[in-house]
Amino acid sequence: MSIGDLLPVSFFEVAFLATWLLLPVLVWRADVEAYVFGLIVIYMCIRTIRRRRRTLLPVTGKAVLVSGCDSGFGHMVAKKLDDLGYKVFAGCLSVDGPGAATLKESSSANFHIVHLDVTSDISVREVGQYVRDNIGDAKLWALVNNAGVYGHGDVELCSLETYQRLTDVNLFGMIRVTQELLPLLRQSQGRVVTMSSINGRFPWPSTSAYNATKYGLECVSDCLRLEMTKFGVRVALVEPAMFGGSTDIHSPQNETYTREYMRTQIDTIIHLKKRLNAKSPDAVIDAVVDAVSSSEPQYRYVVHGGPFQIDPLAVFGQIYPYLPEWLSDWMICRATGHNSLQMLGGDAFGHPGPESVGQKQE
């Protein structure tokens, strides 16, 4: 047993960062360069040892339920797991839709498409019973909580219905499905894999409804991981960064917010999707598969996206807890333009200009 088995990698990452911060105190020593070099070597050795210990477990006799398979990550994860040989229960909101039809055409005999509305207690119970009735000799090895929706808009502009809708699907839906299937997962000592987001680590303007649900997912999953330790059930979070998704700009509700402001919000989203999103979702799919199949799944998979080798949002999400609020607020507002009233298109006090939402043009 290595020291890496006793302490999580995050411990070494924090220790590594702390040591770097203490370097100015050690500058007076003549062997600083050797010390830094040795620290880097030890750190990389620890990471390598931990990664090489992880192996893929056999898939024989194992079943996985994936929610949100109509499109996106859930659709691709379900296909990937089926290709690997798992018995897959793919939860689709519309079993007659194009997503379900595509899965039917390309799946094996062990692939089951089930109607799953994560906001409905009845639907979730029916899916749970369907799994019990059709799992056969296999065991439910993993639950992949993927179902989710996105909403965009400032706190003042988002209706309570928007907050409620996102919470019902993204947070309560995950809890509802997990509670239904935990008895089966305890029997198999399997795992719960939840699709979160890097947005669950830090705030971002105009995404409060969405981010709030991801913050909640992070907390629920962390608590669940601690509670399931005694049962041998592993719990993992997957946190994609720049991989994009659907957007939803809601109707304006206050004349302070001009058409120019709303146009700026839309243009920002379009710019991010075109310039900063990853070209392929494969990294996210691989992270989910690893969480399902690995002998030593990570607690969190921060998945770097975007067109660069390093995803700035992913890096920011990892260092955010260590930044003072004044600095992180400045960085976010600077990046999004929320540090100036000019984006409102009115005067310096935010009063609406001639293009104000709700005002008639003469």
At what distance in nm do the modelled label points of residue 83 and residue 55 sit from each other, each positioned 7 Å from its Cα along Cα→Cβ? 2.4 nm
For 219, 158, 69, what ranking results if the residue with the fewest other Cβ atoms within 10 Å of its Cβ goes first? 219, 158, 69
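Throughout, read-outs are computed from the coordinates displayed, never taken from laboratory work. Just so it is clear, the structure is predicted and the values come from calculations on it, not from any experiment. Every residue, glycine among them, receives a Cβ derived from its backbone with ideal geometry; neighbour counts consider all protein chains shown.
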